[in-house]
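The values are calculated or read from the model by the stated rules, or taken from the named source; none is laboratory data. Just so you know, these numbers come straight off a predicted model, no measurement behind them. No Cβ is skipped: glycine too gets one built from the backbone with ideal geometry, and neighbour counts run over all protein chains shown.
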Amino acid sequence: MNLLQIPTAAYDTLREMGEQVTTTVETPETAINTFDLAIKGGWLMIVLFVLLLLSIYVLIERILVIRNAGKEDDSFMNRIKDYIHEGKIESALALCRKTDTPASRMVEKGISRLGRPMSDITEAIENVGNIEIAKLEKGLPILATTAAGAPMIGFLGTVTGMVKAFMSMASAGVNVNVNILSTGIYEALITTVGGLIVGIIALFAYNYLTTQIKGIVNRMEMRIMEFMDILNEPAN
């Protein structure tokens, strides 16, 4: 009987240990939301959050501006051609003001210079075109700076976080534990992630807007070429 009881006791002990392990494994982990993680990143996360909001604002505002600038009337240049050939300069100017697009403002400047040498007309149109392009590109330097600067701010947080971690280790001496190091490590890792996220968003926004602006500039150049052709061709 004693020989049978020893394995039974060992089996009961192993079973209790297995139940304890199972209970430990099945215990749900504590969930940490994004806001709590951001707070652990330190004050640099505030800077990154401001840059993120600024980038989103510039993106939305520029999209609206570019969308309005890209609206075109397919019959615009044909009507300008008819007015110029018929000598209705005031009607052509009124149409340009009514259309209110970068191309129409360039054409308006060209019409207002009719009667002068072609070089003067071309120069006046180019000056207006440069102003219109500058208006379209307003805010893009902010996105470019954020795309380059946000990751650097994140890396700065990494350095400061690791400095805090090592300072905590030095202060604790032989009593170093995970809790002492957690604050510095959190700041080191979270600011890096935050900086990369903000930088990636700003970079994609910058490239998207520049692509849209290039499309508008190409259409502006096409309209000006059509306008110069109208001035150089004889009236019917």
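List of remarks:
- So Ile84, is it modelled with pLDDT of 90 or more and part of a helix (DSSP H, G or I): no
- Checking Gly161 against (1) at pLDDT 75 or above; (2) within 30 Å of Tyr57 (Cβ to Cβ); (3) not hydroxyl-bearing (Ser, Thr, Tyr), the condition it does not meet: (1)
- With respect to (1) part of a helix (DSSP H, G or I); (2) modelled with pLDDT under 90; (3) within 30 Å of Gly115 (Cβ to Cβ); (4) not β-branched (Val, Ile, Thr), the lone exception for Ala235 is condition (1).
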